[in-house]
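The values are calculated or read from the model by the stated rules, or taken from the named source; none is laboratory data. A quick note: this is a predicted structure, and the numbers were derived from the prediction, not measured. Note that we place each Cβ from the backbone using ideal geometry, even for glycine, and neighbour counts take in every protein chain shown. In case anyone asks, the SASA skips ligands and DNA or RNA and just uses the protein heavy atoms, side chains included. Shrake-Rupley method; radii C 1.70, N 1.55, O 1.52, S 1.80 Å.
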Amino acid sequence: NQTGTPGRPALLFLHGSGPGVTGSSNWRQVIEGLGDTFHCIAPDILGFGDSSYPDPQPQGFTAQAEVRIDALFALIDTLKLDKVVLVGNSMGGMYSLRMAQLRPDLIDRIVLMGSGGMPGLAPTPELIKLITYFDDPTVEAMAELLIEFVHDKSAFGDAVEAVAAERMEIVRRPHIEAGHRAMFGPEMLTFPPEDLAKIDKPALVIHGRQDVIVPLECGYYLAEHLPQADLYVIDECGHWTQIEQAARFRSILRTFLSEDIGGK
């Protein structure tokens, strides 16, 4: 999915890891409101949505990340983008940090939204529900899982039902389950303080105060150790900032991208 015109500042939106997730379902509301100023690109990361998938599947979160990040760099090179702003949600935030480690020359700025990456962070019960979704891969279980992504469940229940229905067609593809099961293991992609200190890029850490998938503690950690990070905590908001607070998210993003940060 793309909005805006090539040649404008490029924003690469990286989605999270939920079952059936796509670039469109994660980012549609956001990129439709930014195409007037930016070239917004929201791909299906390798192994998700309508993308191709590795065969055999790499085993483990870090091994999957390496293959997927290589494909994202290939996408950037194919589109001939000199610089990109990475906007990463959850898993996509972790990939953004890793990409900034590997090819800092390509990265202009980083926006992390509900991102993981904190060492030693125990999975929440709601995250465990996501990890084990394929033990009972029904539409009802999908809706029960996704409702945990928002704080105001009464206001966004219908939106969550729509996303759940959209995801089920993808969930039923065999390689989606195989990739999901292959990804989650004891080894996660984490960033100790000394590694974050070397990612010397302007960064914006956005986190919902009531996020039960990736706790706010992780947002504080990332903002503390990234040397050029600002932290924006949104109250009355869960893991899906881009759905619960889409207009505010776009506004925060525009402000961050318009700032001349330290003359850099």
Within the stretch 145-156, how many residues are touching a helix residue (DSSP H, G or I) at 6+ places or on another chain (Cβ under 9 Å), open to solvent by 20 Å² or more (accessible area, probe 1.4 Å) and in a helix (DSSP H, G or I)? 5
Does the stretch 18-36 contain at least one residue that is small (Gly, Ala, Ser), within 20 Å of Phe61 (Cα to Cα) and not in a helix (DSSP H, G or I)? yes
Out of all the residues in the stretch 244-259, which are touching a residue at least 60 places away in the same chain (Cβ under 8 Å), open to solvent by 30 Å² or more (accessible area, probe 1.4 Å) and either in contact with a strand residue (DSSP E or B) (Cβ under 6 Å, 6 or more places away or on another chain) or within 23 Å of His151 (Cβ to Cβ) (or both)? Ala247, Arg250
Looking only at the stretch 88-101, which residues are polar (S, T, N, Q), open to solvent by 10 Å² or more (accessible area, probe 1.4 Å) and closer than 19 Å to Glu217 by Cα? Ser90
Which count do you get for residues in the stretch 175-190 that are assigned to a helix (DSSP H, G or I) and more than 14 Å from Tyr133 (Cα to Cα)? 1
So, in the stretch 102-136, of the ones that are of a type in the set (Gly, Ala, Ser) and buried (at least 21 other Cβ atoms within 10 Å of the Cβ), which residue ends up nearest to Thr62 (Cα to Cα)? Gly117
Being part of a loop (DSSP other than H, G, I, E, B), aliphatic (A, V, I, L, M) and modelled with pLDDT of 95 or more is the filter here; which residues of the stretch 110-124 pass it? Met118
Assess whether Leu46 counts as being at pLDDT 95 or above and touching a Lys or Arg at 6+ places or on another chain (Cβ under 7 Å). yes
So Val85 fits all but one of (1) assigned to a strand (DSSP E or B); (2) crowded, with 24+ Cβ neighbours inside 10 Å; what number is the exception? (2)
Leading residue by the ranking (surrounded by the most Cβ atoms within 10 Å (Cβ to Cβ)) among those in the stretch 179-223 that are without any contact (Cβ under 8 Å) to a residue 24 or more places away in the chain and over 16 Å from the mean Cα position of the chain (by Cα): Ala223
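Every residue, every condition in (1) buried (at least 21 other Cβ atoms within 10 Å of the Cβ); (2) modelled with pLDDT of 95 or more; (3) under 19 Å from Ile170 (Cα atoms); (4) touching a strand residue (DSSP E or B) at 6+ places or on another chain (Cβ under 8 Å), yes or no:
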position	(1), (2), (3), (4)
Gly20	yes, no, yes, no
Glu32	no, no, no, yes
Cys40	yes, yes, no, yes
Tyr53	no, no, yes, no
Pro58	no, no, no, no
Asp70	no, yes, no, no
Leu79	no, yes, no, yes
